[in-house]
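Below is one structure, written out as structure tokens; the observations come after it.
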Amino acid sequence: MKISPTPEEAASWLHSRGIEVDGSEDPEFVGELQHAVERFDRRVAAMALQADLPGSPRPEERRLVLPRRVPREPLRAYVSRIEAATAELEASRASARRGASEGKNAGRGTSHTR
């Protein structure tokens, strides 16, 4: 069972990632923001590993960068943007998997006789 961080711990962790929260935000949204950033980070790590597989296209680097929070952006809106970026990475990863799988299967069924 994972224990949720306190709002102060979440704010400190977010600060270490370059995301500022000023304490006026709803603690529930601060926790949601931390979880969204963690999901994004996991997806980026998976994309980086996948990019090294043969036949996998290298993703654009900017897509692997956490979106920046704009000044006065509500946390809920920021969380939504991070989740959308994570979903985009997931879709890209699924597409790359299909491409790599198709590349592996392209040579099957062809007989090579000498």
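Readers should treat all values here as calculations from the given coordinates under stated rules, not as data from a laboratory. Only a predicted model underlies this, so the values are computations on that prediction, with no experimental measurement involved. Here the Cβ positions follow ideal geometry from the backbone for every residue, glycine too, while neighbour counts run over all protein chains shown.
Table for the structure above
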| quantity | calculated |
| --- | --- |
| Net charge over other residues, Cβ less than 13 angstrom from the Cβ of Glu20 (K, R count +1; D, E count -1) | +1 |
| Karplus-derived HN-Hα couplings along region 6-16 (A = 6.51, B = -1.76, C = 1.60, θ = phi - 60°), whole Hz, x at Gly and Pro | 5, x, 5, 5, 4, 4, 5, 5, 4, 4, 5 |
